[in-house]
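Here the structure comes first, spelled out in structure tokens, and everything after it is commentary.
The values are calculated or read from the model by the stated rules, or taken from the named source; none is laboratory data. Values in this document were obtained by computation on a predicted structure and should not be read as measured data. Glycine also receives a Cβ, built like all others from the backbone with ideal geometry; neighbour counts cover every protein chain displayed.
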Amino acid sequence: MELRYGTNPEQSARTVFIDESDPPIRLVSGSPSYINILDALNAWQLVRETAMALHRPVATSFKHVSPAGAATAGDLDAVMEETWAVGPGALSPAATAYIRARDCDPKSSFGDFVAISEPVDLSLAHVLAGVVSDGIIAPGFEPGVVDVLARKKGGSYLIIEAVGDFEPPEWERREVFGLRLEQQSALTPITRGVMTAGTSRELDASAVDDLVLAAITARYTQSNTVTFAKDGMVLGVGAGQQSRVDCTKLAGAKVDTWWLRRHRAVRSLRFRPHVRRQDRVNWQVRYLEGDSTVEEQQRLQEVVDAVPEPLTAEDRASWLGRLTNVVLASDGFISFRDNIDQAARHGVRFIAHPGGSARPDEVTDACTEHDIALVSTGTRLFHH
């Protein structure tokens with residue numbers, strides 16, 4: 001399969017199937033780049049593994065080989081319905097899974113690569129037709145779907161079919177600077193049973209499922225990574241940081257933004273009809289960040305009917321204090337209690353990590369202080 005270019009436009013690129021008779025994907029429409037393929041393969045593995053573990057439709061929104069969000073099918077709240085212009089008529093489970101995944105971090109999901117564990121139906125296709133996205137990978141496409149999607153981006157929207165029963169070879173290989181690296185491709189399954197081990201505190205079914213979703217998402221995110229989830233949605237991803245506590249802070253800030261978008265002050269921003277959806281999302285986030293320049297404040301006044309007063313520290317703290325029962329998954333062991341202290345600020349009540357901390361008593365004591373259940377899975381989830 002010829003690719004448009006490599007990681008950067010000046011690099012030529014191509015794919016070479018390990019076994020031409022048993023390919024993992026099939027190109028349906030469009031011309032992929034090197035990063036498109038990396039996004040597609042990582043995103044597909046995330047949704048396939050999660051769907052197998054939880055037995056429900058799963059979607060993810062990928063950017064730069066890491067998820068911006070991931071979610072199972074489920075109910076949409078009023079903010080999601082308003083943001084994504086959900087009209088009359090029932091949405092399919094596949095469509096709700098994607099809307100919930102994209103709403104996790106809608107600023108980052110602009111121009112995303114989508115993966116869905118189910119065949120794409122017209123309900124999801126019509127949702128995708130209304131958002132800025134680069135492509136999708138799925139195990140199939142119902143009649144009429146390809147016609148709808150192939151019209152996106154002037155006909156260049158990338159559509160890839162995943163071979164649902166494909167299993168990778170026992171060893172995977174990578175060549176870097178003249179050196180070939182090999183490692184086993186088999187991974188320890190992440191199941192509900194894993195999430196009930198290592199803690200004396202009983203976990204409810206919702207927390208267990210959220211921990212599974214968060215952990216599998218971490219498995220396909222560039223390390224170091226920490227993921228937060230609630231109600232079947234990954235709400236914050238802190239990816240690729242050298243310090244784990246920086247991952248926790250970054251992911252926690254995204255969780256706060258997701259929750260604050262539901263505050264009455266943000267919902268009172270009445271945008272003028274000409275303002276596009278992504279601009280509305282970006283302005284909501286800038287309003288919440290509270291550090292707009294004078295020029296930005298002037299531009300905001302041009303796109304809304306009235307600008308509400310900025311949220312005070314007390315307003316923010318009061319609203320954020322309502323968020324609870326959030327879960328956190330860490331791809332590596334949590335070394336210090338600072339991660340626990342940071343997690344508690346974002347409503348975390350359940351944490352899963354591989355275990356084996358250099359200071360296990362310090363981490364356990366911090367969880368006890370914050371009334372957080374700590375699960376040690378015994379499985380590291382690094383991804384590079």
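Only one residue in 76, 122, 41, 91 is closer than 29 Å to residue 14 by Cβ and out of contact with any strand residue (DSSP E or B) (no Cβ under 6 Å at 6 or more places or on another chain), so which one is that?
Result of the check over 76, 122, 41, 91: 41.
Taking the range 147-158 on its own, how many of its residues are farther than 25 Å from residue 80 by Cα and crowded, with 17+ Cβ neighbours inside 10 Å?
Qualifying residue count for the region: 1.
Is it true that residue 315 is touching a residue at least 40 places away in the same chain (Cβ under 8 Å) and assigned to a helix (DSSP H, G or I)?
yes
For the range 273-306: of the residues being closer than 20 Å to residue 255 by Cβ and polar (S, T, N, Q), which is surrounded by the fewest Cβ atoms within 10 Å (Cβ to Cβ)?
So, considering only residues that are closer than 20 Å to residue 255 by Cβ and polar (S, T, N, Q), the one surrounded by the fewest Cβ atoms within 10 Å (Cβ to Cβ) is 282.
Answer yes or no as to whether residue 59 is in contact with a Pro (Cβ under 6 Å, 6 or more places away or on another chain), under 17 Å from residue 229 (Cα atoms) and of a type in the set (A, V, I, L, M).
no
Name the residue, out of 174, 102, that is of a type in the set (Lys, Arg), modelled with pLDDT of 95 or more and in contact with a strand residue (DSSP E or B) (Cβ under 8 Å, 6 or more places away or on another chain).
102
Residue 253: farther than 26 Å from residue 315 by Cα, in a helix (DSSP H, G or I) and under 15 Å from the mean Cα position of the chain (by Cα), yes or no?
The answer is no for residue 253.
With respect to residue 236, determine if the residue is farther than 12 Å from residue 329 by Cβ and either in contact with a His (Cβ under 9 Å, 6 or more places away or on another chain) or surrounded by fewer than 23 Cβ atoms within 10 Å (Cβ to Cβ) (or both).
Against the criterion (farther than 12 Å from residue 329 by Cβ and either in contact with a His (Cβ under 9 Å, 6 or more places away or on another chain) or surrounded by fewer than 23 Cβ atoms within 10 Å (Cβ to Cβ) (or both)), residue 236 does not qualify.
Among what's in the range 35-82 and is more than 21 Å from residue 211 (Cβ to Cβ) and touching a Ser or Thr at 6+ places or on another chain (Cβ under 8 Å), pick the residue that is surrounded by the fewest Cβ atoms within 10 Å (Cβ to Cβ).
76
Looking at residue 64 and the list (1) at pLDDT below 95; (2) more than 30 Å from residue 383 (Cα to Cα); (3) not aliphatic (A, V, I, L, M), which single condition is not satisfied?
The single condition residue 64 does not satisfy is (2).
So how many residues does the range 160-185 have that are loosely packed, with under 10 Cβ neighbours inside 10 Å and assigned to a loop (DSSP other than H, G, I, E, B)?
Summing the residues that are loosely packed, with under 10 Cβ neighbours inside 10 Å and assigned to a loop (DSSP other than H, G, I, E, B) in the range 160-185 gives 4.
Does residue 156 satisfy the condition of being modelled with pLDDT under 95 and in the same structural domain as residue 58 (by TED's automatic domain parsing)?
Taking the combined requirement at face value, the residue satisfies it.
Any residue at all in the range 340-348 that's crowded, with 18+ Cβ neighbours inside 10 Å, farther than 23 Å from residue 46 by Cβ and out of contact with any helix residue (DSSP H, G or I) (no Cβ under 7 Å at 6 or more places or on another chain)?
Yes, the range 340-348 has at least one match.
Quick one: would you say residue 71 is touching a strand residue (DSSP E or B) at 6+ places or on another chain (Cβ under 7 Å) and not in a loop (DSSP other than H, G, I, E, B)?
So residue 71 passes the test.
Can you find, within the range 107-122, the residue that is surrounded by the fewest Cβ atoms within 10 Å (Cβ to Cβ) among those that are over 18 Å from residue 73 (Cβ atoms) and in contact (Cβ under 8 Å) with a residue 60 or more places away in the chain?
The qualifying residue surrounded by the fewest Cβ atoms within 10 Å (Cβ to Cβ) is 107.
May I ask you to say which residue of 285, 234, 281 is assigned to a helix (DSSP H, G or I), closer than 22 Å to residue 74 by Cβ and either modelled with pLDDT of 95 or more or of a type outside the set (Lys, Arg) (or both)?
The match here is 281.
So, residue 248, is that one surrounded by 20 or more Cβ atoms within 10 Å (Cβ to Cβ), part of a helix (DSSP H, G or I) and in contact with a Leu (Cβ under 7 Å, 6 or more places away or on another chain) or not?
The answer is no for residue 248.
Conditions: (1) surrounded by fewer than 17 Cβ atoms within 10 Å (Cβ to Cβ); (2) under 22 Å from residue 76 (Cβ atoms). Residue 313 meets all but one. Number of the miss?
(2)
Report whether or not residue 220 is in contact with a helix residue (DSSP H, G or I) (Cβ under 7 Å, 6 or more places away or on another chain), hydroxyl-bearing (Ser, Thr, Tyr), surrounded by 15 or more Cβ atoms within 10 Å (Cβ to Cβ) and not assigned by TED's automatic domain parsing to the domain that holds residue 69.
yes
Given the conditions (1) farther than 17 Å from residue 351 by Cβ; (2) free of Cβ contacts under 8 Å to residues at least 40 places away in the same chain, and given that residue 233 satisfies all but one, which numbered condition is not satisfied?
Every condition holds for residue 233 apart from (2).
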